[in-house]
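The values are calculated or read from the model by the stated rules, or taken from the named source; none is laboratory data. The model shown is predicted, which means the values in this text are computed figures rather than measured ones. Note that each Cβ is placed from the backbone with ideal geometry, even for glycine, and that neighbours are counted across all protein chains shown. The protein model used for the area step is the full one, side chains on, heavy atoms only, and it has no ligands, DNA or RNA in it. Shrake-Rupley method; radii C 1.70, N 1.55, O 1.52, S 1.80 Å.
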Amino acid sequence: MDYRTERYETTVNVPEYVEACVDVQEFLPYCRECPNYNQVWSCPEYDFNPYDYWAEYQTFRIIGVKIIVPDEIAGQVWSPQECRKMIDEMLWAEKRKLSLELYEMEKQYPGSVSLSAGSCQLCSADKCAKSEGKPCRNPEKLRYSIESLGGNVGLTVTKYLKQKLEWIEEGRMPQHFILVCGLLVP
């Protein structure tokens, strides 16, 4: 599929970000509604406090990749299966690129850790080992998402990246999607 991307980046200090955009109690109920809740190692319930996780870092480099949906697709109504196929082709391809880039960035900043753009896709062919009571199969690549740590991605996009999220509504593809990830640096 032919699509294009735009990239947005900014850096913010973690205490400011947490004050402005993190509310674990508000976002945990949304996580509980997701089928990944307590079934995937990168999703809650955690054996740690997300606020303590954020507090280990000083700066947060926020990266957003806007995926511009092709004109012949945007605004059209599609079946759930067609939507899923297009999302897989666009979003997951870009997410893989971002994950690889972030792993490389971690090497440049000792002690840093990346935050993934959305849910974990490492074991896509298999169920996550957590659902079987086993340890993560890829612990060296496991990363949490901003939202799984209580971060408000919508507010992050508008406040820090100066963009607007769009959603699939009634099968109608939006003009764009935005993947949001980043790097936490001590």
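Data for the structure
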quantity: Net charge of neighbours whose Cβ lies under 14 Å from the Cβ of LEU100, counting Lys and Arg as +1 and Asp and Glu as -1; calculated: +1
quantity: Net charge contributed by nearby residues that have their C-beta within less than 13 Å of PRO29 (K/R +1, D/E -1); calculated: -4
quantity: Radius, Kirkwood style, for segment 119-186 when every pair of distinct Cα atoms is counted (Å); calculated: 14.7
quantity: Stretchable slack from GLU19 to LYS141, in nm (0.36 nm times residue separation minus alpha-carbon distance); calculated: 41.1 nm
quantity: Nearest-20 debye value, the chain charge dipole, Cβ charges on Lys, Arg, Asp, Glu; calculated: 340
quantity: In sequence order, calculated HN-Hα J values of segment 166-172 (Karplus, 6.51, -1.76, 1.60; Hz; x Gly/Pro); calculated: 10, 10, 6, 10, 6, x, 8
quantity: Chain lengthening between ASP47 and TRP92 when straightened (0.36 nm per residue, less Cα-Cα); calculated: 13.4 nm
quantity: Inter-probe distance in nm under a simple model that places probes 7 Å from Cα toward Cβ, at TYR8 and TYR103; calculated: 2.8
quantity: Tail beyond 23 Å, pair distance distribution of segment 1-148 (Cα, percent); calculated: 46
quantity: Distant-in-sequence amide H partners of SER116 (H built 1.01 Å from N, under 5 Å); calculated: TYR144, SER145, ILE146
quantity: Listed residues MET1, MET105 arranged by accessible area, highest first, probe 1.4 Å; calculated: MET1, MET105
quantity: Extension gain, ILE68 back to GLN81 (0.36 nm per residue minus Cα-Cα distance, nm); calculated: 2.7 nm
quantity: Shape call, segment 1-64: gyration tensor on alpha carbons, a/c limit 1.5; calculated: oblate
quantity: Around LEU165: net Lys/Arg minus Asp/Glu count, Cβ-Cβ under 13 Å; calculated: +1
